[in-house]
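What follows is calculated from the coordinates using simple rules that are stated; it is not laboratory data. Keep in mind it's a predicted model, so treat the numbers as computed, not measured. Don't worry about glycine lacking a Cβ; one is built from the backbone with ideal geometry, like all the others, and counts go over all protein chains shown.
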């Protein structure tokens with residue numbers, strides 16, 4: 001009531017908060033590096049804990065696990081439960097050989 005009597009209705013109609021959004025945890029360059037790392041099929045990252053360690057080492061930033069989890073879910077569509085990736089050092093020629101010879105050994 002005092003505010004209305006001294007300044008009128010205008011101060012009551014504004015919320016007084018500063019507009020805008022919070023700054024992102026990562027810069028655009030860091031965002032691109034994370035995207036490249038996540039989309040690389042030969043990367044050695046198998047989970048968010050390893051990604052958090054990679055971010056800490058490469059960007060020298062201490063961020064919370066949940067912050068990284070939500071950031072990657074929101075921006076890259078990652079999920080916490082995913083199928084296992086193949087081994088990083090897997091020999092592609094051995095796979096091709098296995099596929100070619102595995103059908104011959106099966107009894108008919």
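The ranking of 59, 26, 76 from fewest to most other beta carbons within 10 Å of each one's beta carbon is 76, 59, 26. Measuring max minus min along each principal axis, the C-alpha atoms of the chain give extents of 94, 37, 19 Å (largest first).
Taking the number of Cβ atoms within 10 Å of each Cβ as an exposure proxy, the fewest-first ranking of 30, 62 is 62, 30.
Relative to the current alpha-carbon distance between residue 80 and residue 95, full extension at 0.36 nm per residue lengthens the span by 2.6 nm.
At a temperature of 10 °C and a viscosity of 1.306 mPa s, determine how fast region 26-84 diffuses translationally according to Stokes-Einstein, using the Kirkwood radius over alpha-carbon pairs as Rh; express D in µm²/s, rounded to the nearest whole number.
135 µm²/s
Only helical DSSP H runs with n ≥ 4 go in: add -39500 (n - 2.57) per run for the chain, normalise by residue count and round the 222 nm mean residue ellipticity to 500 deg cm²/dmol.
On the way: 6 runs with 57 residues, N = 108.
My calculation for the chain gives -15000 deg cm²/dmol from helical runs alone.
Angle of helix 65-76 to the longest C-alpha principal axis of the chain, folded into 0 to 90 degrees and rounded to 10: 80°.
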